[in-house]
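Just below is one structure, and these are the notes that go with it.
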């Protein structure tokens, strides 16, 4: 992967706007629900 790749996912109540600059990206958060929601939205996209 070269350069920066941006991903924006917007359901009704929240927006995830991320930039990926590496082949492996670690998503960290205090809440497991947020990460699960993000993964589910990306799968649907």
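Read the figures in this text as sums done on the coordinates, not as results from a lab. Keep in mind it's a predicted model, so treat the numbers as computed, not measured.
Can you give me the angle between helix 32-44 and the longest principal axis of the chain, using Cα atoms only, in degrees from 0 to 90, rounded to the nearest 10?
That works out to roughly 70 degrees.
Could you list the square roots of 5 times each eigenvalue of the Cα gyration tensor of the chain, that is, the equivalent ellipsoid semi-axes, sorted largest first and rounded to whole Å?
The equivalent ellipsoid of the chain has semi-axes of 19, 13, 9 Å.
I need to check one value: relative contact order of the range 5-44, counting alpha carbon pairs closer than 8 Å and at least 6 residues apart, in percent.
31 percent
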